[in-house]
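Single-structure report; data block below.
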Amino acid sequence: MAGYTPGAGLGGIQAVLGSVRLGAVDGTGTAWGLSKLDGWDSADVRTQYTDRQSDHGAWAGRAYLQARVLTAAGTIAAPDQATLEACLDSLQVAASLDDTLLTVYETVPKQVTVRRSGRILIDRATDRLASYSVLLTAADPRKYDVTAQAQSSPLPSTTGGITLPLTLPLTITATTSSGSFVLVNAGTTATRPVLTITGPVTTPTILAQAPDGTVTALAYSDTLQAGDVLVIDCAAHTVTLNGSTSRRRYLSGSWPEIAAGSQLSFSWFASSYDPAAQLAGTCRSAWL
């Protein structure tokens, strides 16, 4: 939450759901207790086992995390009845049916995108005190760093540079733009970047190199005009031009993924050089 400084809390875990602070005292003097956050520790796992014929055991399929189901529960202690009722209304709004950020302030603050997935249970003990329980589901079970990394680079180029054949050779140093940058994942599970190409550029190709030297490539077979912006979301597997038009059919190759505790070095090239062309990459470290 913008402007939120964790620390003025109630001694336990602190979180922000939408615009509501949990585990802290808000600006009205209301104490939002957060006594449990079930499901934050781990998401459930889905896999398939096929019984072995004429043998013990089963063949194990690949395991995946299911959507993360969370229950946030606690108490609300307000200074008066009107404030309590306003807080209950704000909780109804914060636990939205649409995508909403839930940020949990651990040593490294992390966030998930959630939606309400059940009734909001309210038990009003007095006119100033109530307990609540909210059921939420994060379709993507990974926890992401609240701070996104962002890097960018123009196309690679070399300008200048010459050695004159004098008695004492005179060298004018060239200026080189590598056309590359590095994105790092400090988390415990793989994360996927968002890559953005700004034109003008013709048939660009993006290379992603892992520390072991493995390289994957994404090639875009069309042309971007000056001012065109192409967004390649490697998690959603979408390619969008200027915020609205799908260009997925023009992209081929392998979607890059940054392994846990590792990094990828991104570089790119195109059919022709234009100094205005830019490649940008963003990512968030991810945890299980």
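Worth pointing out:
- Among the numbered conditions (1) modelled with pLDDT of 90 or more; (2) exposed (fewer than 12 other Cβ atoms within 10 Å of the Cβ); (3) out of contact with any Leu (no Cβ under 9 Å at 6 or more places or on another chain), the only one that G7 does not meet is (1).
- Qualifying residue in segment 244-251 (condition: under 25 Å from S157 (Cα atoms) and not charged (D, E, K, R)): yes
- Boolean, S35 is of a type outside the set (K, R) and at positive phi: no
- Some residue of segment 227-237 being under 22 Å from S157 (Cα atoms) and open to solvent by 40 Å² or more (accessible area, probe 1.4 Å): yes
- Search result, residues across segment 106-146 that are assigned to a loop (DSSP other than H, G, I, E, B) and within 19 Å of N185 (Cα to Cα): E106, T107, V108, P109, D140, P141, R142, V146
- Counting the residues of segment 52-65 that are surrounded by 10 or more Cβ atoms within 10 Å (Cβ to Cβ) and either over 30 Å from R142 (Cβ atoms) or within 34 Å of the chain's Cα centre (by Cα) (or both) gives 6.
- Of the set (1) farther than 16 Å from A226 by Cα; (2) out of contact with any strand residue (DSSP E or B) (no Cβ under 7 Å at 6 or more places or on another chain); (3) surrounded by fewer than 15 Cβ atoms within 10 Å (Cβ to Cβ), all apply to E257 but (3).
- Checking each residue in segment 75-88 for being assigned to a loop (DSSP other than H, G, I, E, B) and either of a type in the set (D, E, K, R) or open to solvent by 40 Å² or more (accessible area, probe 1.4 Å) (or both) picks out P79, D80.
- Selection count where residues are more than 18 Å from T191 (Cα to Cα) and not aliphatic (A, V, I, L, M), scope segment 254-283: 9
- Cross-chain or 6+ apart pairs with Cβ under 6 Å, segment 263-288 first and over 23 Å from P200 (Cα atoms), then of a type in the set (K, R): A286/R142; W287/K143
Per-residue answers, yes or no, for (1) surrounded by 14 or more Cβ atoms within 10 Å (Cβ to Cβ); (2) in contact with a Gly (Cβ under 8 Å, 6 or more places away or on another chain); (3) modelled with pLDDT under 95:
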residue	(1), (2), (3)
A2	no, no, yes
V16	yes, no, no
D26	yes, no, yes
W32	yes, yes, no
L37	yes, no, no
D44	no, no, yes
Y49	no, yes, yes
A67	yes, no, no
A73	yes, no, no
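The values are calculated or read from the model by the stated rules, or taken from the named source; none is laboratory data. Here the structure is a predicted model, which is why all the values come from computation and not from measurement. Here Cβ is always computed from backbone atoms with ideal geometry, including for glycine, and neighbour counts include all displayed protein chains. Remember, those area values only see protein heavy atoms, side chains included, never the ligands or the DNA or RNA. Shrake-Rupley method; radii C 1.70, N 1.55, O 1.52, S 1.80 Å.
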